[in-house]
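First comes the structure, then the notes that go with it.
The values are calculated or read from the model by the stated rules, or taken from the named source; none is laboratory data. These numbers come from a predicted model, not from an experiment. Glycine also receives a Cβ, built like all others from the backbone with ideal geometry; neighbour counts cover every protein chain displayed.
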Amino acid sequence: MKFGNSEIYIFNDGTFTLDTGAAFGIIPKNVWSKRTTVNAEGRVSLQTNIPVIVGMEYGFIIDTGLGKNPDPIKSKWFQVEKKSDLAENLSETGIDRKITHILHSHMHFDHMGHTFEMDQDRSYFLNKAIPVVNRKELNNFKKPNEFTKGSYIQWQKDFSRRKSRTVEGTTKLSGGMKIMETSGHTSGHCAFLYEDGDSKLTYFGDLVPNTFYLKAGYLTAIDTYPMETIIQKKKLIKQAIREKRLCFFSHDMKISAAFLSGDESNPEIEPVNVNE
C-alpha cells in the first residue's frame, strides 16, 4: 500500500493461543464471547501481524513474531502454529533488503522470535538491520520475575553478539519514526508513531492487541501495569482519531489495520487491507 512516499505491508509469522482468563482478565464472559470464538480447549487464537514500512532512505519492521523454531515448551503451552514464516516471506518478496531497523514494542516470545536467530551461514535475521529495544524492556527480558517469566523466552547466549541500540522515553529515529515508551503491558513497552507527509500511522503494540481492546477498560490479565495501559491507549486512540492515523493491531485475526473515527470511548472501525 502506498503511504505518502513510503510503502507499507503486513506480514504474518503464525498463530498461537491464550487461555481466556489470560486474554480477558476481569472482562465478563457474556461480553467477550459475543465477539470471540474459542477452540476445543477453551482458548482464543491470536495472529502475529507484523508491519513493514519502507521509506525513501529507511525501512522499518515492527516486531519479529514467533521465529522459525519457536521454543518447544512455549510452542506446546501456547499451541503455536506456523503456516507462514516471516523470514521466508521477506526474502521471497525482496523486502528484506530494504529494512534498516528492527523495532520492538516489547520482547515477549511472540514479538521477537526471529531477531536473534541465525541461519545456516551464521548470519542473523535481517543481518544488516539494527535491532532497537527499550532499555527497561531489555532488562525485563534478561531478568523476568515470577509474574512475567512465562512470556519471555529463555536467555539466548548469542544475544550480546548482535549489535543493537537501546532507547529510553520518547525517541525520534531518522526517517519519520517515533518510539513512544508507554509502559502498561510491560514496564518497557513501546508504541510507534510514523509520519510521511500527511500520512500517519500508529502501532499500538499490545496496548491494543486487537480491535476488541479499543475500549479503555478492556484489558488482558497479562498487563503488568494495567492503569498505565488504560491511560496510554486512551491518549493514542484519541490522537489516532484526531489525526486520521492508520492503526495497526498486533494480534487481530481479521483486522490487522484500520482507521478509527467517532467517539474515542467506542470508536468506529474502518478496516484497511494494506497488502492490496
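Here are some notes:
- Evaluation of I53 against (1) modelled with pLDDT of 95 or more; (2) closer than 21 Å to L173 by Cβ; (3) surrounded by fewer than 18 Cβ atoms within 10 Å (Cβ to Cβ); (4) not acidic (D, E) (one fails), failing number: (3)
- Residues of segment 221-276 that turn out to be part of a loop (DSSP other than H, G, I, E, B), under 18 Å from the mean Cα position of the chain (by Cα) and surrounded by 15 or more Cβ atoms within 10 Å (Cβ to Cβ), as a count: 15
- Sole residue being surrounded by fewer than 13 Cβ atoms within 10 Å (Cβ to Cβ) and of a type in the set (G, A, S), chosen from G176, G197, G184: G197
Yes/no per residue for (1) out of contact with any strand residue (DSSP E or B) (no Cβ under 8 Å at 6 or more places or on another chain); (2) among the charged types (D, E, K, R):
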position: D110; (1), (2): no, yes
position: T115; (1), (2): no, no
position: E146; (1), (2): yes, yes
position: R165; (1), (2): no, yes
position: T202; (1), (2): no, no
position: G205; (1), (2): no, no
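- Number of positions in segment 118-132 that are more than 22 Å from C190 (Cα to Cα) and modelled with pLDDT of 85 or more: 4
- Of all residues in segment 65-74, one or more are at pLDDT 95 or above, in a loop (DSSP other than H, G, I, E, B) and in contact with an Asp or Glu (Cβ under 8 Å, 6 or more places away or on another chain).
- Matching residues, segment 148-207, being hydroxyl-bearing (S, T, Y), touching a Pro at 6+ places or on another chain (Cβ under 8 Å) and at pLDDT 95 or above: Y203
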